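The values are calculated or read from the model by the stated rules, or taken from the named source; none is laboratory data. This is a predicted model, so every value here is computed, not measured. Neighbour counts run over all protein chains shown; Cβ positions are idealised from the backbone, glycine included. When the accessible area is computed, the model is the full protein with side chains, heavy atoms only, and any ligands, DNA or RNA have been set aside. Shrake-Rupley method; radii C 1.70, N 1.55, O 1.52, S 1.80 Å.
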Amino acid sequence: MPRVLSIRSAARPFVARALRGPRGRRLLGLSVLLAALSGVLGIWLALGTGEFERDLRVGFDLEQSRHVQEERRFALIADSAEEAEALRAAVARRFAGQTLVYDDAGYRVTNALDAAESRLRRAAYGEAPRHHRALQRDAILAFEAWTKGHVDANSIYGAPDYNWYDAGEVAALRAVVDRTMSPAVEEYASPLSPIDALRMTGVLAGGALLLLLLLAAPVLAGTQMAQETHENTLQPLAGSALRAQELALGLTAGPLAVIGVLAAPQLLLLLAAAAVVGHLGAALALVAVVLAGGAFLVMLGQLAGLALGKVRSPGLVGGGLAAILGVLGGIGVALAAELSHRTVGVLALLPQAAASHSLAQAFGLGDAGRGFGAELDTTVPVVVGAAGMLTLAFLGLRALARRVGNTSLVSLRRGEALVGAVVAMVLVTTANPPHEWRAEEFYLLNLGLLSIPLAILLMMRAPTGDVPPAMRRTPVGSLVGEFVGWAGLYLLLAAMLVSHETMWLFRSPFALLFAGWFLGVAALLALRVAVAPMTFASRLWAGVCAAMLAISFGQMVMWARPAEDLAFREPHLFVFSELSPLLGLVQAVLTVAVPWTLLRALRRPASIAAVTGE
Amino acid sequence: MRIDLRNLGKTYDGDRWAIRGLDLTVPSGSICGLIGPNGAGKSTTLRMLATVMRPTEGEIRFDGRAPEIDDAELRRSIGFLGDGNPLYKHMSPSEYLRFFGECFRIPDKELGAAVEDMLVTFDLVDKRDAPAGSLSKGMRQRLLIARCLLHRPKLLILDEPADGLDPRGRSDLRAILQRTRERGTTVLISSHILRELDDLCDQMAILQQGKLVVAGDVADIIERYEVRRFVYELRLLPPTSEGGAASERAREVLVQHRALIEASGFEDGCETITAQVPGGEDRMADALAALVAAGVRVVTCSRVRSRLEDVYNRLSEDRVN
């Protein structure tokens, strides 16, 4: 069967199952409702005159606060026709020289006039910049007309503190002068136009798309996989005529069909709005990012569901995934909102950040001064991130197929793991690019960051299939060698990016020793967790090993400092001996005990017959 | 489909074997019963046969061909009902069957008819649109069996299929399995209820503690093991004169001839006694003569053929002893 047809026929039963009967109709209804909600909310947020939506617009910098608007336009803004009438009456009374009634309208008129008078007085004295001198003359005339007095610009009574360099202040002064101290009374209307309403709809649709693909899809896919594992419904499926790859695709297609129905109208809204009032290119980049990032997170969610479904309830797995992805999403959006030259690389690592940034770009949110990195060129991290996520998603699919179909003892083959490692290196290097002065902030920090994805890749290289742990022979040496090889490859890459003279790691034997210990133990710990059953005691010991890893990483960083720095600091070989000799001894003992116990657990002889990894 | 198992073994923890050294041949088109107590290794063997589990050692051949890794083509000709086989509780029987029909790549134009046929065959027409979670245990079991037969497999593997079925359901299942065999399908079935398999299976394999005890043609096995067992059923008319019940007198005589009374009852106006007479048919002839001489009105005396259950019990005793 041709590949495309095979994928289609594999996905079909699962898609049909997900959208069967009334479920499909309900989902379609919900999808239309959500799309309508995006539209209605967009219009309401852009054009609504209520206090809530006004506050939201002010919060999002789409509108100035009422106080600033009144100041800039020298106007009194009323919420209703009655209030406007009362304000007009108060203004009229004030200009007619009648006693002012001290109600709300009276106070507002008095305050506005007092502020305007103060502004005129401050502008009247002192020396204005050349291009504002005409305005200053008009301000003096207006002030004299209002106070019926003469202004001596050089008088010592004047306070020459007017900020002529503040555009807002100048605009406010001009409004007062133009209106000859007579404030305008306006009934409130949103300053945004129907075009802005369409833009807002596009933003909401993009936000919904981001939520659906980067949060809902992985959670749904992971929960469903956990449920299939928990209720053992995978067994009849594994016995069907679907190949492992097709089964993995089908199991992915089911939840994605649900998300697809909900996301399709939002996608259309987003693209339509971007085409009309935004930037279609940025919107397409957003779509590419959420698709690639979503594919990666869906695979991650499914692998987590498959691994945890047997021992944890699907609800717990789904809740855990939602919490982790929710936190990551929050971090991503926050990082995108405060994007700078230094942090622009995180767009490659966090699809949520890249998607938020692209969404802001598509609809011109944020400005050059602040927020969402509008002035930054983010093409490289966004493209690298999307390509990397897509590659990792493909590798995840292969691993998933091997696990659900039980077709291999290892989830990833050597070449695939190497590709994954290289992708991780590229992503981490893009996220934290070489630093001009502090090389260690680049390559050492990245090595620490990389150790996590590399450990996960190593776990997928370990033989864990349908063979009892006691019968598995884990090729510890070659797997640890692979891990160290990946790390070595990264250091080589780093040495090409920064001057190798600044990489003090290679000059200090102790730093190299700690680096070797860190990498070796990280690999052994990953293998131990992956291949051998974990008891309570072994979990506890794994925690101790992880703590020792963190300490040794810190020591590696310390010993990898420039020689003069080391001479100044005089560090101990075992850092805890600085606190107490006993603690130093404990650290020394653990330095030997940790790798020894891990090796011992992994090298336990197979009791019956050995089964090798590949 | 002919099945050959050679030195098949599976261990889950590396220390204990669920099944080991299993050599078995199941001829094409036969019904083979796998019998054994809990933990004998029946379900493990059936899972390996369904290719959803890989053997730790040994090999399986289907029509002389060893399965490849991820052999979807082979699985297309196997229908497998595992133990504790779960359902998607929110799917209706027709949706469930359609879903698996698509997973088995039944062509669209045949799928509707196949689903309809299964719903009728397994008496699920009235419940076709009800959620599977609301079905009775028997109905769920019928639905699971229907799923296994939907794609007309060449090999049908059923692990405890009669679980949850009422007597009518069991009778229907036997009829369905007979029909399946007539189509040339090989059936492998495990059950605790040996009477279910007695007149259904033509092949049998008894497993105990992960080992094969005996395997082969059912009639041959029964013949082989019944030579040491002489059980007779006597039908007695009530006595014509006083002197107590016929069975009382008969029991006395039989006990004198060292017979072991296994059962007694009343059927069609006659008292019945089932007794095991050690020492062969001569001893029964002597006992019969003594019964007649004692005035017991024997209507019939027939040798009871051994059943699977007897063979199984005998083999179990042997192993325990």
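DSSP beta bridges confined to the protein assembly as shown are antiparallel in about 65 percent of cases. The amide H of B:Ile35, built 1.01 Å from its N in the peptide plane, has B:Ala205, B:Ile206, B:Leu207 as neighbours under 5 Å, considering only residues 5 or more places off or on other chains. Convex hull of alpha carbon positions in chain B: directionally averaged projected area 20.4 nm².
With 50 Å² as the minimum drop in accessible area between chain alone and full protein complex (1.4 Å probe), the qualifying residues in the stretch A:211-238 are A:Thr233, A:Gln235, A:Pro236. A probe of 1.4 angstrom, applied to the heavy atoms of all protein chains, finds A:Val40 with accessible area near 90 square angstrom.
Taking every Cα-Cα distance in the stretch B:32-131 and sorting them into 5 Å bins from zero, the calculated P(r) comes out as 2, 10, 17, 18, 17, 15, 13, 6, 2, 0 percent.
Accessible area per residue (1.4 Å probe, heavy atoms of protein chains only) ranks A:Leu268, A:Leu213 as A:Leu268, A:Leu213, with the largest value leading.
Helix A:133-147 sits at what angle to the longest principal axis of chain A, using alpha carbons and giving 0 to 90 degrees rounded to 10? The helix A:133-147 is inclined about 60 degrees to chain A.
Legend: translational diffusion of the stretch A:289-347 by Stokes-Einstein, Rh = Kirkwood radius over C-alpha pairs, 37 °C, 0.692 mPa s; D = 252 µm²/s.
Per the helix-only calculation at 222 nm, which mean residue ellipticity applies to the protein assembly as shown, given -39500 (n - 2.57) for every DSSP H run of n ≥ 4 and division by its residues, nearest 500 deg cm²/dmol? Calculated at 222 nm, the ellipticity per residue is -19500 deg cm²/dmol. Within the stretch B:145-159, which residues have the backbone N less than 13 Å from the label spot 7 Å out from B:Glu110 along Cα→beta-carbon, could you tell me? Only B:150-154 pass the distance filter. Using modelled amide H (1.01 Å from N, peptide plane; none on Pro or chain starts), what sits under 5 Å from the amide H of B:Val299, excluding residues fewer than 5 places away? Excluding prolines and chain starts, which carry no amide H, the hits are B:Arg235, B:Leu236, B:Leu237.
Pairing the Cα long axis of helix B:246-256 with the longest principal axis of chain B, what angle in degrees results, from 0 to 90 and rounded to the nearest 10? Here the helix axis deviates by roughly 90 degrees. Pairs exceeding 18 Å between alpha-carbon atoms, taken from B:Lys89/B:Lys127; A:Lys310/B:Lys42; B:Lys42/B:Lys211: A:Lys310/B:Lys42.
Accessible surface for the protein assembly as shown, divided over its residues, is 46 Å² per residue with a 1.4 Å probe.
Shown in residue order for the stretch B:119-134 are the 3J(HN,Hα) couplings computed by the Karplus curve 6.51 cos²θ - 1.76 cosθ + 1.60 at θ = phi - 60°: 4, 6, 4, 9, 6, 10, 4, 5, 10, 4, 10, 7, x, 4, x, 8 Hz (x for Gly and Pro). Taking the empirical scaling 2.2 N^0.38 Å for compact globular proteins as reference, the stretch A:325-364 has a Cα radius of gyration ratio of 1.03. The residues of the stretch B:1-39 listed by number as losing at least 40 Å² of accessible area in the complex, against the isolated chain and with a 1.4 Å probe, are B:Gly14. Helix A:167-178: angle to the longest alpha-carbon principal axis of chain A, degrees 0 to 90, nearest 10? Relative to chain A, helix A:167-178 is tipped by roughly 20 degrees.
Calculated on the alpha-carbon coordinates, the convex hull of the stretch B:134-209 measures out at 100 cubic angstrom per residue.
Counting every pair of alpha carbons in the protein assembly as shown, the share spaced more than 46 Å apart comes to 53 percent.
Projecting the Cα atoms of A:Pro129, A:Leu583, A:Phe143 onto the dipole axis of chain A, where Lys and Arg carry +1 and Asp and Glu carry -1 at the beta carbon, places A:Leu583 farthest toward the positive end. In plain terms, if you count all Cα to Cα distances in the stretch A:160-218 and split them into 10 Å steps from zero, the share in each step is 17, 21, 21, 19, 15, 7, 0 percent.
Taking a Cβ cut-off of under 12 Å around A:Asn163, the surrounding Lys, Arg, Asp and Glu residues balance to a net charge of -1, with basic ones at +1 and acidic ones at -1.
Inter-label distance, A:Arg20 to A:His131: 7.2 nm, where each label sits 7 Å from its Cα along the C-beta direction. Taking Cβ atoms as reference points and 10 Å as the exclusive limit, the residues near A:Ala86 contribute a net charge of -3, counting Lys and Arg as +1 and Asp and Glu as -1. Decide, for the stretch A:306-435, between rounded, prolate and oblate: order the square roots of the alpha carbon gyration tensor eigenvalues as a ≥ b ≥ c, take rounded if a/c falls under 1.5, and otherwise choose prolate if a/b is larger than b/c, else oblate. Here the stretch A:306-435 falls in the oblate category. Surface composition of the protein assembly as shown: carbon plus sulfur atoms contribute 59% of the solvent-accessible area (1.4 Å probe, protein chains only, all chains present).
Against the criterion of solvent-accessible heavy-atom surface with a 1.4 angstrom probe, A:His341, A:His67 sort, most first, into A:His341, A:His67. Note on A:Tyr107: accessible area is roughly 120 Å² with a 1.4 Å probe, heavy atoms of protein only. A probe of 1.4 angstrom, applied to the heavy atoms of all protein chains, finds A:Leu234 with accessible area near 30 square angstrom. Near B:Arg61: Cβ cut-off under 13 Å, other residues only, Lys/Arg at +1 and Asp/Glu at -1. The net charge is -3. At a threshold of 50 Å², the residues of the stretch A:405-420 that become less accessible to a 1.4 Å probe in the full protein assembly than in their chain on its own are A:Thr407. Put simply, the stretch A:1-134 fits an ellipsoid with semi-axes of 61, 23, 8 Å; these come from the alpha carbon gyration tensor as the roots of five times its eigenvalues, largest first. Distance from the C-alpha centroid of the stretch A:35-91 to that of the stretch A:246-268: 41 Å, rounded to the whole angstrom. Taking both sides together, the accessible area buried where B meets A is about 3000 Å² for a 1.4 Å probe. Note on surface exposure: A:Ser577, B:Ser134 rank B:Ser134, A:Ser577 by accessible area, highest first, 1.4 Å probe.
The calculated FRET efficiency for A:Ala145 paired with A:Leu28, based on their beta-carbon distance and R0 = 60 Å, is about 0.30.
Backbone phi angles across the stretch B:33-48, fed through the Karplus curve with coefficients 6.51, -1.76 and 1.60 (θ = phi - 60°), yield HN-Hα couplings of x, 9, 10, x, x, 4, x, 6, x, 5, 5, 4, 4, 5, 5, 5 Hz in residue order; Gly and Pro are listed as x. Converting phi to 3J(HN,Hα) with the Karplus coefficients 6.51, -1.76 and 1.60 and the offset θ = phi - 60°, the stretch B:74-81 yields 5, 5, 5, 9, 10, x, 10, 10 Hz in sequence order, with x at every glycine or proline.
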